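The values are calculated or read from the model by the stated rules, or taken from the named source; none is laboratory data. Predicted, not measured: the structure shown is a model, and the values here were computed from it. Here the Cβ positions follow ideal geometry from the backbone for every residue, glycine too, while neighbour counts run over all protein chains shown. The accessibility values were calculated without ligands, DNA or RNA, using every heavy atom of the protein model including side chains. Shrake-Rupley method; radii C 1.70, N 1.55, O 1.52, S 1.80 Å.
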Amino acid sequence: LLRGMNPGLAVSRRIDVTSSALAFVGFGLLIGGLQSHVGVPLRVIAAVVGCALLALFCRRQIRSSDPLIDVRMLSYSRLGVCALAIVFGYASYTGSIYLFSARAETILEILPISLLTLWVSLGGLAFSKLHLRFTPIFLLQASVAMCALGLIVAAFAGLWLGSFLIGIGVGVSSAAGDAYLLGSVGAKDVARAAAVQETSFAVGAALGVAG
């Protein structure tokens, strides 16, 4: 399977320390501003500065001939929508684990949270059967809607049904996002698309914890 792979497509010619620093500090300030328990003015300042640094990071990537993350790919709807679905799905997943675990007081309350991984796996399995019958945009929309519905149900009705809906939604959105994002580009762009994919997972995880 690896004989036709050209590693040169995934190798950067240099290490962009400035872009790495902008991304690291920008996300740190943004997440800190969303999650920290300090005064509101400091949180707002941190979040605004973080967004500004991330904007500088994106501007630098757009102008670079050898970007860390090719954010220009997100302007194509077939790639941007997939990345957004991954971000929302994984934010729902990590946020659910973080928030519901903090509220759990008994083993029975922790059990539905523990089963999230199982439901995510079932969601991925379901995608392998559903993608032959439904369009990509329908599966992405349905999976994101299921995640949102699961969060509402978990908050107001109960964790058992909520965790099931979230897990299935995350499993389908992650599998669909991966398949359609990587499958929408040519062989020479797979490495750049994979960078966008992995970044989407990381951003979703960070936003889920911050939320």
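As a length-normalised measure over Cα pairs under 8 Å and 6 or more apart, the relative contact order of the chain settles at 28 percent. The label-point distance for Ser77 and Thr106, in a model that sets each label 7 Å from Cα toward Cβ, rounds to 5.0 nm.
Between the alpha-carbon centres of segment 84-128 and segment 13-33 there is a gap of 28 Å.
Charge dipole of the chain (Cα centre as origin; +1 on each Lys and Arg Cβ, -1 on each Asp and Glu Cβ, all else neutral): 600 debye, rounded to the nearest 20.
For the pair Leu34 and Arg133, a Förster radius of 41 Å applied to the C-beta separation gives a FRET efficiency near 0.60, rounded to the nearest 0.05. Taken per residue, the accessible surface of the chain reaches 58 Å², heavy atoms only and a 1.4 Å probe.
Taking Ala157, Ala47, Ala142 in turn, the Gaussian network model of the chain (Cα-Cα springs below 10 Å) assigns the largest fluctuation to Ala157. Taking all protein chains together and a 1.4 Å probe, the residues His131, His37 rank His37, His131 from largest to smallest accessible area. Think of it as helices only: each DSSP H run of n ≥ 4 in the chain is worth -39500 (n - 2.57), and spread over all residues that comes to -26000 deg cm²/dmol at 222 nm. Between Cys51 and Ser65, residue separation times 0.36 nm minus the direct Cα-Cα distance comes to 2.7 nm. Does segment 80-158 classify as rounded, prolate or oblate by the C-alpha gyration tensor (a ≥ b ≥ c root eigenvalues; a/c under 1.5 gives rounded; else a/b over b/c gives prolate, otherwise oblate)? Taking the square roots of the gyration eigenvalues as a ≥ b ≥ c, segment 80-158 is prolate. Ordering Ala23, Leu74, Leu125 by the projection of their Cα atoms onto the charge dipole of the chain, which places +1 on the Cβ of Lys and Arg and -1 on the Cβ of Asp and Glu, puts Leu74 at the extreme positive end. Surface listing: Val17, Val71 arranged by accessible area from highest to lowest gives Val17, Val71, probe 1.4 Å.
Once you list every other residue whose beta carbon is under 14 Å from the beta carbon of Arg59, what net charge do they have if Lys and Arg are +1 and Asp and Glu are -1? Taking every other residue near Arg59 into account, the sum is +1. Carbon-plus-sulfur fraction of the accessible area of segment 157-211, 1.4 Å probe, in percent? The nonpolar share, carbon plus sulfur, comes to 71 percent. The orientation-averaged shadow of the Cα convex hull for segment 53-211, equal to a quarter of the hull surface, comes to 9.9 nm².
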